[in-house]
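What follows is a short report on a single structure.
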Amino acid sequence: MSAQAQAAPQAAHPQDELLRTDRIPHIWCSGCGIGIAFGSLMAAIAKCDTPRDDISVVSGIGCTGRLAGYIHLDSFHTTHGRAIPFATGLHLTRPQNKVIVASGDGDLLAIGGNHFIHAARRNVDLTVICVNNFNYGMTGGQLAPSTPFGAKTTTTPMGSPDEPFNFCALAAACGATYVARWTALHIRRLTTAISEAMNKKGFSFVEVIAPCPTAFGRRNKIRRSLDLLRFYYERSVVKNHLAPGEATIDFDNKLVVGKFVDIERPTYLDQYDMVNRGELEAWPATGVDASAAGQRKAG
Amino acid sequence: MKFWREPLDVGDIKVTKGKVTVVEERCKGCEFCISYCSRGVLAMSQTFNRKGYHFPEVVAPKLCVNCHFCEVICPEFAIFSQEEDQ
Ligand code: SF4
Ligand code: SF4
Ligand code: SF4
């Protein structure tokens, strides 16, 4: 560096305004994909019109869970698996807030799996970002519900005997209004997806396929993060609007990425208000004709 | 810039110029920025930063087109580019 450049104060990184810079460098390993997903989330927040005081970020436990501690917004690092219940409470008390849940696959869909299913079913207006690195990174690389069949982890040294979850299919089946999956290297499309998810009313879900070189790559002979990042990208095919059930994560054939669901559906609060204001007519809406009931032959 | 076919409006296209800055102490040496800079602006340093990582050095500053890709792919918020007047 020249003497002149050293003398001039260095310009600040454009994302510093959203970072708790006193805590940077963060704890994530060299080449960990969580940092990329986090940068993408901050880029989407920077573009969003909502006042900063009305955006909050909630995370659970795990490597990705640390994210809440690095963002310079109202944020909360909850107990393991409980990011969605906490976020639901926050959303119901401050409906004007945009509440973003950002956590890992193990936190959101293993220990927190039931909360995920029911928040999607009730269509709670949350944006859920799941960083999927196919294992429990923080605790040393154990089997997760996302671990691909045959992949090695500390607890499955011969390879995982289980079929993994397809998170996007699960979210869509439970009623999510927005569902997308991108790898960390599809960075611009990922940022667009997070923006769209944030602007979507209802339960929106974005899955990010991210390299974990330390715990997952190392046991599966892809030690360099750069190779892992490229591996996910090269095995991917973009198929927007594909039926989520067909959007497989198959490393030999098709690691399908894209936007799979983008629909409108009344949110939890819409329906709650409707029922409690007495706007709902009788159930079932078509009424029950007692005299006709029982006349139709069974079978 | 090389093209496989000369675009018809090549005279009107403005190629932006960028100035890339590395925040050396934040870098963890993952090489993402170096590999994915399509203009070959960056190369790994021989020296280490305080944490013991090699970091990218700007070896061809004139080639930077301010595409921001190094900035968005960096997991450490350790590199960014800014537009520079031509
Ligand atoms: S263990 Fe894996 S997921 Fe956790 S910080 Fe390291 S690379 Fe990232
Ligand atoms: S802004 Fe683009 S061209 Fe410039 S160094 Fe970064 S990746 Fe390379
Ligand atoms: S992408 Fe960031 S952390 Fe990785 S080598 Fe470049 S500046 Fe360093």
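The values are calculated or read from the model by the stated rules, or taken from the named source; none is laboratory data. Note that this is a predicted model, so its numbers are computed, not measured. Note that we place each Cβ from the backbone using ideal geometry, even for glycine, and neighbour counts take in every protein chain shown.
Miscellaneous remarks
- Looking across segment B:5-40 at every residue that is within 18 Å of the chain's Cα centre (by Cα) and farther than 26 Å from A:His186 by Cβ, the one that is farthest from ligand 1 (Cβ to nearest atom) is identified as B:Lys17.
- Listed by first and then second residue, the pairs linking a residue in segment B:30-43 that is more than 7 Å from chain A (Cβ to nearest Cβ) to a residue that is near ligand 2 (Cβ under 10 Å from one of its atoms) and among the acidic types (Asp, Glu), with Cβ atoms under 9 Å apart and 6 or more places separating them unless they lie on different chains, are B:Cys33/B:Glu71.
- Filter result (within 25 Å of A:Gly258 (Cβ to Cβ), small (Gly, Ala, Ser) and more than 14 Å from chain B (Cβ to nearest Cβ)) within segment A:150-192: A:Gly150, A:Ala151, A:Ala169, A:Ala171, A:Ala172, A:Ala173, A:Gly175, A:Ala176, A:Ala180
- Residue-level analysis places A:Phe216 outside the set of residues that are at pLDDT below 95, under 30 Å from A:Thr155 (Cβ atoms) and away from chain B (no Cβ under 14 Å).
- Within segment A:266-281, the residues that satisfy the criterion of being of a type outside the set (Asp, Glu) and assigned to a helix (DSSP H, G or I) are A:Tyr268, A:Leu269, A:Gln271, A:Tyr272, A:Met274, A:Val275, A:Asn276.
- Qualifying positions in segment A:99-133 - assigned to a strand (DSSP E or B), free of Cβ contacts under 8 Å to residues at least 60 places away in the same chain and of a type in the set (S, T, N, Q): A:Ser103
- Residue within segment A:242-258 that is polar (S, T, N, Q), surrounded by fewer than 19 Cβ atoms within 10 Å (Cβ to Cβ), in a strand (DSSP E or B) and more than 14 Å from every other protein chain (Cβ to nearest Cβ) present: no
- Residues of segment A:134-145 satisfying the condition of being part of a loop (DSSP other than H, G, I, E, B), under 30 Å from A:His91 (Cα atoms) and within 12 Å of ligand 1 (Cβ to nearest atom): A:Phe134, A:Asn135, A:Gly137, A:Met138, A:Ala144
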